[in-house]
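Notes follow the structure.
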Amino acid sequence: MKKNLILFLTKSLFFAFLITPFLVVNAQEDASIKTKNPFWENVQFGGGLGLGFGSNFTNITVAPSGIYNFNEYFSAGLGLQYSYVKQKGYYQSNIYGGSIIALFNPIREIQISTEIEQLRVNSKYDGFYGNFNDDFWNTALFIGAGYRTNNVTLGVRYNVLHKDNDGVYADALIPFVRVYF
């Protein structure tokens, strides 16, 4: 009788150890399905990195962004930007701020965008005209269009608030590459 009881307990424990991992895995899968937030399934992240070097010139830009896809036609999101620009012996500038973007895809390959950008510019000049600081806010309102393939859009955007010799951008028309994963 003892021998049968020990054999029964041994087989039961063996079976319990064998099946327990499957029950735990199944329970975790069910819990993840119930707690999965559908909001994050529609979020994409992307942004830009820029490096420019030349004769005594440096330009470094980091610009992460994220969008929420409301459906296959409309998306909206936020972006951040930081740039360091230096022309040795002339000026040094720190530019930082954010943007709000709206995207419309009338067909899969075409993307139309509207973006408002607010940047703080802190520049320090040392040159022929003397040493001085120039700190200001720069606002840009871009209207753009591009060709889209998968997660990449190539296009051009126009700053409707552009003023010559006043602001961050040298020209109102700016090409762009937009990537979201």
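Every number here is computed from the coordinates shown, using simple stated rules; none is lab data. Keep in mind that this is a model prediction, so the values were computed, not measured. Cβ: placed from backbone, ideal geometry, glycine included. Neighbour counts: every protein chain shown.
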Would you mind finding the one in Ser99, Ser93, Ser113, Ser123 that is within 27 Å of Phe74 (Cα to Cα) and in contact with an Asp or Glu (Cβ under 9 Å, 6 or more places away or on another chain)? Ser99
Those residues of the range 126-173 which are of a type in the set (D, E, K, R) and farther than 30 Å from Ser75 by Cβ, in sequence order: Asp126, Asp134, Asp135, Asp164, Asp166
Check off (1) among the small types (Gly, Ala, Ser); (2) within 18 Å of the chain's Cα centre (by Cα); (3) within 25 Å of Leu51 (Cα to Cα) for Ser93 and give me the number that stays unchecked. (2)
Please work out if Phe57 is free of Cβ contacts under 8 Å to residues at least 60 places away in the same chain and over 21 Å from Val168 (Cβ atoms). no
What's the number of the only condition in (1) more than 16 Å from the chain's Cα centre (by Cα); (2) assigned to a strand (DSSP E or B) that Ile116 fails to meet? (1)
